[in-house]
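Enquirer: Mind looking over this structure? Questions follow.
The values are calculated or read from the model by the stated rules, or taken from the named source; none is laboratory data. The structure displayed is predicted, hence computed values, not measured ones. All Cβ positions, even for glycine, are placed from backbone atoms using ideal geometry, and neighbour counts span all protein chains on display. Note: areas computed on protein heavy atoms with side chains; ligands, DNA, RNA excluded. Shrake-Rupley method; radii C 1.70, N 1.55, O 1.52, S 1.80 Å.
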Amino acid sequence: MASHPELAEEGAIQIVIIKTTGDKILSQPLADIGGKGLFTKEIDEALLNSEIDIAVHSMKDVPTYLPDKTILPCNLPREDVRDAFISLSATSLADLPPGSVIGTASLRRKSQILHRYPSLNVQENFRGNVQTRLRKLSDGVVQATLLALAGLKRLSMTENVTSILSIDDMLPAVAQGAIGIACRSDDDKMAEYIASLNHEETRLAVVCERAFLQTLDGSCRTPIAGYASRNEDGNCLFRGLVASPDGTRVLETSRVGPYAVEDMIEMGKDAGKELLSRAGPNFFSS
């Protein structure tokens, strides 16, 4: 509306809130429900059925293959990509006594926590919205949890944050903190509207990270982390990680190259191929 005055008129934009499978089924791990697209499928269907004209996604939830007849040409400026540590009894992961229970539904977080702090316990199916997870924390179900700082910032709930984990301590999920806007591939008018909102630096970082993820064919069952950023020289620094779910093995790699789309796709793919070959065939089944 800020960019296009005609959309600021009353009734020009209608916001449709869509609950997805991932929002509704909270009793079991995402991987058991059926892996990919759990937070996007219903929204994609509404888009393809022309019930909505643009779809707004958290890029972290978007599968590496977009549905036919849709495009995702726009990423908004990226929010902070780091994870927040939240606890009522400890100041950091290192401060938690052995045997403490941490709630997280993310295998990426679980494996990186256990790799560094094998004496902690991770409660896996710790799901629900931010409010639900914070309630479980205050009820003593878990002693701590990790949440994406981006979500807490967007919900204006950062007062709950105990400390922020550095990228070195907890590599983020692919596309964490990035919002993407999709439309139908034949809808030039919508494509034009959302192109005006695109933040190219964010889009390229997301493309790089998703190329890495696609090469690894990541699902909710595989702990994968990846982060592309612009370094002080203006180049792209990409860091990628895969882990065994129990955290006993963590493999990391990095790439540096020009901050340009083809180079960044190649860096992501190449990093993915390297980790695949280092991991070997049975790495993810352990």
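Enquirer: Would you please name the residue that is surrounded by the fewest Cβ atoms within 10 Å (Cβ to Cβ), looking only at residues in segment 87-109 that are hydroxyl-bearing (Ser, Thr, Tyr) and more than 21 Å from Leu30 (Cβ to Cβ)?
Expert: Going through the qualifying residues, I end up with Thr91.
Enquirer: Considering only segment 188-247, how many residues are of a type in the set (Gly, Ala, Ser), assigned to a loop (DSSP other than H, G, I, E, B) and over 16 Å from the mean Cα position of the chain (by Cα)?
Expert: Number of matching residues: 4.
Enquirer: Also: Yes or no: segment 55-69 includes at least one residue that is in a strand (DSSP E or B), touching a helix residue (DSSP H, G or I) at 6+ places or on another chain (Cβ under 6 Å) and either open to solvent by 50 Å² or more (accessible area, probe 1.4 Å) or more than 23 Å from Lys153 (Cβ to Cβ) (or both). Don't jump to the end; show me each part of the working.
Expert: Narrowing segment 55-69 to residues in a strand (DSSP E or B): 55-58.
Retained after the next criterion (residues that are touching a helix residue (DSSP H, G or I) at 6+ places or on another chain (Cβ under 6 Å)): 55.
This time we only want the ones that are either open to solvent by 50 Å² or more (accessible area, probe 1.4 Å) or more than 23 Å from Lys153 (Cβ to Cβ) (or both), so: none.
No, segment 55-69 contains no residue that is in a strand (DSSP E or B), touching a helix residue (DSSP H, G or I) at 6+ places or on another chain (Cβ under 6 Å) and either open to solvent by 50 Å² or more (accessible area, probe 1.4 Å) or more than 23 Å from Lys153 (Cβ to Cβ) (or both).
Enquirer: Of all residues being within 15 Å of Lys60 (Cα to Cα) and either out of contact with any Phe, Trp or Tyr (no Cβ under 8 Å at 6 or more places or on another chain) or assigned to a loop (DSSP other than H, G, I, E, B) (or both) in segment 1-30, which is modelled with the lowest pLDDT? Just the residue, please. So that I can check it myself, show each step before the final result.
Expert: From segment 1-30, those within 15 Å of Lys60 (Cα to Cα) are 20, 22-23, 30; that's our starting set.
After this cut, where a residue has to be either out of contact with any Phe, Trp or Tyr (no Cβ under 8 Å at 6 or more places or on another chain) or assigned to a loop (DSSP other than H, G, I, E, B) (or both) as well, the list is 20, 30.
On the way: Thr20: 90, Leu30: 70.
Checking each candidate, the answer is Leu30.
Enquirer: Report whether or not Thr222 is open to solvent by less than 10 Å² (accessible area, probe 1.4 Å) and polar (S, T, N, Q).
Expert: No.
Enquirer: So in segment 253-271, with the set limited to residues that are small (Gly, Ala, Ser) and either assigned to a strand (DSSP E or B) or modelled with pLDDT under 95 (or both), which one is least open to solvent (accessible area, probe 1.4 Å)?
Expert: Among residues in segment 253-271 that are small (Gly, Ala, Ser) and either assigned to a strand (DSSP E or B) or modelled with pLDDT under 95 (or both), the one least open to solvent (accessible area, probe 1.4 Å) is Gly257.
Enquirer: Another question, then. Is segment 192-210 home to any residue that is within 25 Å of Glu124 (Cβ to Cβ) and either among the aromatic types (Phe, Trp, Tyr) or at pLDDT below 95 (or both)?
Expert: Within segment 192-210, none of the residues are within 25 Å of Glu124 (Cβ to Cβ) and either among the aromatic types (Phe, Trp, Tyr) or at pLDDT below 95 (or both).
Enquirer: Which count do you get for residues in segment 63-81 that are basic (Lys, Arg) and more than 19 Å from the chain's Cα centre (by Cα)?
Expert: 1
Enquirer: Can you confirm whether segment 110-123 contains a residue that is in a loop (DSSP other than H, G, I, E, B), surrounded by fewer than 17 Cβ atoms within 10 Å (Cβ to Cβ) and of a type in the set (D, E, K, R)?
Expert: No, the conditions are met nowhere in segment 110-123.
Enquirer: Residues in segment 204-219: is at least one surrounded by 17 or more Cβ atoms within 10 Å (Cβ to Cβ) and in contact with an Asp or Glu (Cβ under 6 Å, 6 or more places away or on another chain)?
Expert: Scanning segment 204-219 turns up no residue that is surrounded by 17 or more Cβ atoms within 10 Å (Cβ to Cβ) and in contact with an Asp or Glu (Cβ under 6 Å, 6 or more places away or on another chain).
Enquirer: Does Val81 satisfy the condition of being in a loop (DSSP other than H, G, I, E, B), within 20 Å of Gln214 (Cβ to Cβ) and either touching a residue at least 60 places away in the same chain (Cβ under 8 Å) or open to solvent by less than 30 Å² (accessible area, probe 1.4 Å) (or both)?
Expert: So Val81 passes the test.
Enquirer: While we're here: Please pick out the residue among Ala105, Ala90, Ala84, Ala144 that is of a type in the set (A, V, I, L, M), modelled with pLDDT of 95 or more and under 17 Å from the mean Cα position of the chain (by Cα).
Expert: Answer to the selection: Ala84.
Enquirer: Could you tell me which residue of segment 127-171 is farthest from Ala225 (Cα to Cα), considering only residues that are of a type in the set (Gly, Ala, Ser) and assigned to a loop (DSSP other than H, G, I, E, B)?
Expert: Checking each candidate, the answer is Gly140.
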